[in-house]
Amino acid sequence: MPRSSATPLPPTDQRHRECLDNARRVCAAGTVPAMLVIGGPDIAAVRCNEALAALLNRPRAATRDESGHGLLPGGWPAVAEALRPLYVDEGEAKTEGGAAAPLRPDVALLRLPTEPPVTLRAAPLLADGRVVGVLATATLDDAIARMAETMRAEVERTTAARSRFLASASHDLRQPFQAMRLFLDALTTQVDGNARATRTAGMLANAMTAGERLLNALLDISTLDAGTVEADLQAVSLDALLQSLAEEFRPQAEEKGLRLRIHVPADAAGRAFTRSDPVLLGRIVRNLLANAIRYTQRGGILLGLRKRDGRWRIEVWDTGFGIPPDKQDVIFDEFHQLTNPSRDPTRGLGLGLAIVRRLSVLLNAPIDVQSRSGRGSVFAVTVERLADGEGAADAAAVPAVPADGGGAAGVPLDGMRILVVDDDSMVLSGLLLTLESWGCAFVPAANMREVFAAVDGLEGPPDAILTDLRLPGKVSGFDVIDRVRKLFRADIPAVVLTGETAPESLLEGQRRGCAFLHKPLHPDELRRVLEEVRRNGKTAG
């Protein structure tokens, strides 16, 4: 029988190899960072698993042995020193005077110089009583912390990506709702007198309103998360802001049989100023007031202002259901409603307080809540307090809130000639149907080429320009306005429709004296603006 040409390994070497081979398999199969050290610390060969190789940015270290100094340049001496006690030979080494050798520790902790640092728990590998290597794996606490950090980073990355997408796509997402709203308004006019069709149109309008509210809230949250909203800080009169908001919400409160009161200290009347964004701060308080009215069945609402620790504290008190202590944090999460388990959209969407929390961070205006179940709640927003007299001259004016049904009587729009520009055929058709129902004459266009063709046949300038902000290519609604005004040498009133909220666009429109209407808009909003143009020959801005 022929003999094998391979020389068999001595039994001791065979056991050493089997020990190391088993350790290699254990190391490679690990899901947490791990490494195998072969030989003594000074001349070690090191094999990492994929988790540690990725952490060290040395992918090849998972497929081949590396020297310690090559794997951790500059960091290996400290690791080798930590490993050294594991290699003590308890059978040979003697201390001075013939005393017993020091005991070999069961484990050693290795601190790898990664970012962030990782700690490995190292244990000696024994064959025939001798240390042939060391197997080191991440400690459980460290592994859990690292996995939690990885998961947190992934959640943040996914959330940021979603927010950027929704913020950038807000215009396109609003377009279908805008077209449906315009078609619905035209349909409502056409079925006037047919009670059954009118009732169906009303139900459709309610369903659309719920969808629009949800879409707008989601887009608002995404815009805030994406970091595209910038606060326009200026001096704000808190007295005027609160008075205006109280007038705005008092009809809603009275409709539910609630009393809405406002309390401003006598020494604060006309002297309470902060530096903030008046629109965003007003939005915070609006959401708090809307929540208070929604969740209060009897009693009343108090909108108050007080000084505390050198700052102003705006408070909204209610006599509603109250909030259990263990729920006072989660109510600021998206879609969280304590008293709406069936998700009835008529009772809110659960997004108002999520928006409040994001706005409070943006404005550096902390929100806190105190509540007792069955007794009511108080939500408070704390803002900077300007010194007496500071900011009074340049305080932001708070726009008056028109009473329901108030204002001048409707102005007929018959014969009003309007240039209408929108590249979305559905929205354009809806606008034309709406304008036609009001008796307006219109000139439609979808791009700049069609604009020139449309106005070429006009004997004089149109009475108004109604244009979408985002048009095909690099053309914007502002380009249309500039070109048409230059062509007719007239400052033609202009209304810009947009689904975006970028402050630079708003500023650019203000410089041109344009009115802005945000999609999805209700036809009544458009009519009010056109009536203003017909009445005064200009937009309200």
Summed residue charge, Cβ within 12 Å of Trp312's Cβ, Lys/Arg positive, Asp/Glu negative: +4
Cα-based Rg of the stretch 414-541 per 2.2 N^0.38 Å, rounded to two decimals? 0.95
Volume per residue that the Cα convex hull of the stretch 279-323 spans, once the total is divided by residue count, Å³: 83
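For Phe183 and Arg535, FRET efficiency with R0 = 41 Å and r from the beta-carbon atoms, rounded to 0.05?
0.90
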Report Leu109's accessible area, 1.4 Å probe, all protein chains in place, as a number in Å² to the nearest 10. 110
Cβ-based net charge around Gly430, under 10 Å, with every Lys or Arg adding one and every Asp or Glu removing one: -2
Note: Glu18 to Ala290 extended length (0.36 nm per residue) minus current alpha-carbon separation gives 90.7 nm
What do you reckon, how do Met448, Met426 stack up by accessible area (1.4 Å probe), largest on top? Met426, Met448
Which sequence of Thr31, Thr209, Thr114 reflects their accessible areas, 1.4 Å probe, from the largest down? Thr31, Thr209, Thr114
Proximal charge balance of Ala23 [Cβ under 13 Å; K/R count +1, D/E count -1]: +2
At a Förster distance of 22 Å, what's the computed FRET efficiency of Thr31 paired with His69, Cβ-Cβ distance as r, to 0.05? 0.20
Using only protein heavy atoms and a 1.4 Å probe, report how much of Glu247 is accessible, in Å² to the nearest 10. 110
Compute the distance in nm between two label points, each set 7 Å from the Cα along the Cα-to-Cβ direction, one at Asp491 and one at Ile43. 9.1
Not counting ligands, DNA or RNA, and with a 1.4 Å probe, what is Asp524's accessible surface area in Å² rounded to the nearest 10? 80
If you average the sequence gap of Cα pairs under 8 Å that are 6 or more apart and divide by the length of the stretch 441-541, what percent do you get for the contact order? 22
Note: Thr200 to Asp368 extended length (0.36 nm per residue) minus current alpha-carbon separation gives 56.1 nm
So what J values fall out for the stretch 412-425 if you push phi through Karplus, 6.51 cos²θ - 1.76 cosθ + 1.60 with θ = phi - 60°, rounded to Hz, Gly and Pro as x? x, 10, 4, x, 5, 9, 10, 7, 10, 10, 7, 7, 8, 4
If you take the beta carbon distance between Asp128 and Asp232 as r and set R0 to 60 Å, what does 1/(1 + (r/R0)^6) give as a FRET efficiency, to the nearest 0.05? 0.20
Using a 1.4 angstrom probe with every protein chain in place, what is the largest-first accessible-area order of Lys307, Lys474, Lys256? Lys474, Lys307, Lys256
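The values are calculated or read from the model by the stated rules, or taken from the named source; none is laboratory data. Just so we're clear, the structure is a prediction, and the values are computed from it rather than from any experiment. Counting neighbours? That spans all protein chains shown, and the Cβs are built from the backbone with ideal geometry, glycine included. In case anyone asks, the SASA skips ligands and DNA or RNA and just uses the protein heavy atoms, side chains included. Shrake-Rupley method; radii C 1.70, N 1.55, O 1.52, S 1.80 Å.
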